[in-house]
Amino acid sequence: MRNAFADEITKSAQQREDIVLLSGDIGNRLFDKFKEVAPGRFFNCGVAEANMVGVAAGMAASGLRPVCYTIASFLTYRVIEQIRLDLGYHHQRVILVGTGAGLSYASLGSTHHSVEDMGMLRLIPGLAVLAPGDEKELRSAFHAALDYPGPVYIRIGKKGEPVVHEAEPNFEIGKALRLREGKEVSILALGNTLPLAVEAATQLESRGVSCGVASMGSLKPLDTKLLGDVFTSAKVVATLEEHSVLGGLGTAVSEWLAVSSGPAKARLLTFGTPDEFLHATTHQPSAREWAGLTVEGITGRILSALG
């Protein structure tokens, strides 16, 4: 995903002179082409993420379109005050791109895990929270973020993620992307769990279970129309995310259910990381096993819920 982001922002910078890129001391070689086509518009802000966001807010107030890029855990946890006050309160049009989100950096330990980031940021008024499912969805989401009238957080993986979409989809902030229709089960996937959702749906279909899949690339605003559709048509709705079961997609859907006035036919299952730290350095597949984010774990729980 990060390579796709670098390519897309480079193309955009050739068309828009207001785009500036700020980095938290990573991705210097990744953005060599950007620096060639947009000289003077790349700023390495060093290991000073809070300052980077403050600088970006000032740039946005001056009419520029700043994009901040660094590791998701460092861009969010240590910078929450600046995101809240410099961007949210003043409604500055800054795009935050957090790379290596979720358990992508499992080999570096809990300091690099970002599994509470979306839960924190979706509480900030006016801040859109996006998590595209693959690199093609990311490209479209980035352009949607450029046109968004407020601050945006885009959560992405690292590199080598499977591509699910056959073509670049039409990403709209506040809208989900349906990949499959299903009558009995609907899996709502957020971010880099989309390939996992598609694989789980394929397994369920092989067992005679009609299963739909949607990419919930826009966590905030949430596509409540789609939620109304799936909860009145399916028997089981499963949310899937490489994020804590608290605060993310599962929580947002639960909140919607609590205040929804319409009938809810489906049972909700939430898949995510448990409310605890992973005290181990491992790889992403092993970290997902720890969290139950496997095809076997997902299909097993869904089949049990169907009875």
### Query
Is it the case that the range 201-216 has a residue that's out of contact with any Lys or Arg (no Cβ under 8 Å at 6 or more places or on another chain), under 22 Å from F5 (Cβ atoms) and surrounded by fewer than 19 Cβ atoms within 10 Å (Cβ to Cβ)?
no
### Task
Among residues belonging to the range 266-287 that are within 28 Å of S254 (Cα to Cα) and hydrophobic (A, V, I, L, M, F, W, C), point out the one that is most open to solvent (accessible area, probe 1.4 Å).
F277
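Identify all residues within the range 35-51 that are assigned to a helix (DSSP H, G or I), within 24 Å of Q15 (Cβ to Cβ) and hydrophobic (A, V, I, L, M, F, W, C); write none if there are none.
Correct list: V37 only.
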### Query
Consider I124 against the criteria (1) within 15 Å of the chain's Cα centre (by Cα); (2) crowded, with 17+ Cβ neighbours inside 10 Å: it satisfies all of them except one. Which criterion is unmet?
(1)
### Query
Out of the range 282-307, which residues are within 23 Å of the chain's Cα centre (by Cα) and part of a loop (DSSP other than H, G, I, E, B)?
T282, H283, G292, L293, T294
### Task
Go through (1) over 17 Å from the mean Cα position of the chain (by Cα); (2) surrounded by 19 or more Cβ atoms within 10 Å (Cβ to Cβ); (3) closer than 16 Å to G24 by Cα one by one and return the number of the condition D86 breaks.
(3)
#### Entry: Filter result for W256 (modelled with pLDDT of 95 or more, under 22 Å from L127 (Cα atoms) and assigned to a helix (DSSP H, G or I))
yes
### Residue in the range 249-265 that is surrounded by the fewest Cβ atoms within 10 Å (Cβ to Cβ), counting only those that are touching a Leu at 6+ places or on another chain (Cβ under 8 Å) and more than 19 Å from I302 (Cβ to Cβ)
S260
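The values are calculated or read from the model by the stated rules, or taken from the named source; none is laboratory data. Keep in mind that what you see is a predicted model, and the values were worked out from it rather than measured. We place every Cβ from the backbone using ideal geometry, glycine too, and count neighbours over all the protein chains shown. Quick note on the areas: whole protein, heavy atoms, side chains included, nothing else; ligands and nucleic acids left out. Shrake-Rupley method; radii C 1.70, N 1.55, O 1.52, S 1.80 Å.
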